[in-house]
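Engineer: Below you will find the structure I want to go over with you.
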Amino acid sequence: MHVPDGFIDAPVSLATGALAAAAVATALRGARRELDDRAAPLAGLVAAFVFAVQMLNFPVAAGTSGHLLGGALAAILVGPYTAVLCISVVLLMQGILFADGGLTALGVNITDMGVVTTLVAYGTFRALLVLLPRRRPSVTAASFVAALVSVPAAACAFTLLYALGGTTDVSLGKVFTAMAGVHVLIGVGEAAITALTVGAVLAVRPDLVHGARGLVRPLELRTSPGSPPAPEPVP
């Protein structure tokens, strides 16, 4: 889904650049409330994972590409503000180091893959948690649906940006069909990966999952089956 230089005209690129800058500035302030000694290392791991999976690209139409996005996974594990920062840094590094997405289109890519994906995923996730029972499987199920919805949403957002400022002679219908059709399939794969990853972290360290805070109890270390938690040593 990386957009190359010149694919979207200058006015739309500038507008999305301003929107992306505002989103990153807001995320920087919001991430202060999300990041602590436990979440900061996880944020680094999430960014590295997203960087890796986004490098696996395949062509879609007229210079665009399809790949896993990672916005849902990042938002659920480390919070929506930190997720926007993670995705933005990943996209910046990919553009500078590997020319994966143009630098003049960085605002388009951050708006689409960083902002839209994260907001749709986390909004869907939180809405489902209100409806589902307050249990650990509900978090995993909500993660699956959030990721499944977020990827086609990003494809539709890209199609809208193309409709506003596309510079190629490819028809809008063809772009929408190619992007939406492929990313529905990508969404299924991303949903499975997101649910499995969130479920695995929940099984061992539920306190690290931002989206599950207040919903699941942290694991307790017991000295023997059925015994109460071991008391803390007295200094």
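Engineer: Most fluctuating residue of SER143, SER171, SER13 in a GNM of the chain with Cα springs under 10 Å: which is it?
Structural biologist: Highest fluctuation among the options: SER171.
Engineer: Once the other residues with Cβ under 14 Å from the Cβ of TYR162 are scored (Lys, Arg +1; Asp, Glu -1), what is the net sum?
Structural biologist: Its environment carries a net charge of -2.
Engineer: Report relative contact order for the stretch 10-212 in percent, whole number only (criteria: Cα-Cα under 8 Å, sequence separation at least 6).
Structural biologist: RCO, the stretch 10-212: 27 percent.
Engineer: In the chain, if the dipole is taken from +1 on Lys/Arg beta carbons and -1 on Asp/Glu beta carbons about the Cα centre, which of LEU68, ALA21, ALA31 is farthest to the positive end?
Structural biologist: Highest projection toward the positive end goes to ALA31.
Engineer: By per-residue mean of other Cβ atoms within 10 Å, what is the highest-first order of 94-106, 35-47, 154-166?
Structural biologist: Ranked from most to least packed, the peptides come out as 154-166, 94-106, 35-47.
Engineer: Might you work out the accessible area of TYR122 for me, using a 1.4 Å probe with all protein chains in place, and round it to the nearest 10 Å²?
Structural biologist: 40
Engineer: Right, here's the next one. Mind checking the dipole of the chain: about its Cα centre, +1 per Lys or Arg Cβ, -1 per Asp or Glu Cβ, Debye to the nearest 20?
Structural biologist: 820
Engineer: Starting from the amide H of GLY166, placed 1.01 Å from N in the peptide plane, find each other amide H under 5 Å away whose residue is 5 or more places distant or on another chain.
Structural biologist: ASP9
Engineer: Turning to a different aspect of this structure: Cα axis of helix 117-131 to longest principal axis of the chain: angle in degrees, 0 to 90, nearest 10?
Structural biologist: Value to nearest ten degrees: 40.
Engineer: Taking Cα centroids, how far is the stretch 14-56 from the stretch 125-153 in Å?
Structural biologist: Each part's Cα centre sits 21 Å from the other's.
Engineer: With runs of 4+ DSSP H residues as the only contributors, calculate the mean residue ellipticity of the chain at 222 nm using -39,500 (n - 2.57) per run, divided by the residue total and rounded to the nearest 500.
Structural biologist: -22000 deg cm²/dmol
Engineer: For the chain, report the % of Cα-Cα distances exceeding 26 Å.
Structural biologist: Within the chain, distances greater than 26 Å cover 38 percent of Cα pairs.
Engineer: Also, quick follow-up: Please work out how much accessible surface THR194 shows to a 1.4 Å probe, ignoring ligands, DNA and RNA, in Å² rounded to 10.
Structural biologist: 0
Engineer: A further question follows. Excluding HIS183 itself, what net charge comes from residues whose Cβ is under 15 Å from its Cβ, given Lys and Arg +1 and Asp and Glu -1?
Structural biologist: -1
The values are calculated or read from the model by the stated rules, or taken from the named source; none is laboratory data. Predicted model only: the values in this text are computed from it and were never measured. Ideal geometry is used to build each Cβ from the backbone, glycine not excepted, and the neighbour counts take in all protein chains shown. Quick note on the areas: whole protein, heavy atoms, side chains included, nothing else; ligands and nucleic acids left out. Shrake-Rupley method; radii C 1.70, N 1.55, O 1.52, S 1.80 Å.
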